[in-house]
Amino acid sequence: MKRPALLLTLLLAFGRGDAQGPSAALALEPVHGGLLVTGKITAPKDLDLTGVWGPWGRARLTRCAPRCAVVGKIPAPRPLVLGSETEYRVVLSGKPTTGQKVALVLRFAGGQILNTTATVRAAR
């Protein structure tokens, strides 16, 4: 097989649109007892969110229906939307300042990791 044909074959085999990793557009909102992660997470498949870490430690993954309880993972439809009005929520501890950028590490089922940042919004 000639080199251009081999390259094209490899691109078709491994260069599918779903090969891209997860992405996120997140912010942090101060709430009683910590920081609520808000925004949208997009993953190439329906990967469960299994952990979130920030500079102050691991976040609590919660399901709030009808009352909030800590869970081990959050099912991640495409896209996963997080916020104060959603069924699943992620809460970090800490007291950063408004406008500060905070590094977050998100872990998905299957071991996929996403490093991202979130900006701290003003309290409502």
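The values are calculated or read from the model by the stated rules, or taken from the named source; none is laboratory data. As the structure is a prediction and not an experimental result, all values here were calculated from the model. Counting neighbours? That spans all protein chains shown, and the Cβs are built from the backbone with ideal geometry, glycine included. Only protein heavy atoms, including side chains, enter the accessible area calculation; ligands, DNA and RNA are left aside. Shrake-Rupley method; radii C 1.70, N 1.55, O 1.52, S 1.80 Å.
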(Q) Sequence gap at least 6, Cα distance under 8 Å: using those rules, report the relative contact order of the stretch 13-124 to the nearest whole percent. (A) 32
Q | Highest-first arrangement of 36-42, 20-26, 93-99, where packing means the average Cβ count within 10 Å | A | 36-42, 20-26, 93-99
Q.
Just to confirm, what accessible area per residue do you get for the stretch 39-83 at 1.4 Å probe, in whole Å²?
A. 57
**Q.** Vicinal HN-Hα couplings computed from phi for the stretch 25-32 (Karplus, 6.51 cos²θ - 1.76 cosθ + 1.60; Hz; Gly/Pro x)
**A.** 10, 10, 9, 10, 10, x, 9, 4
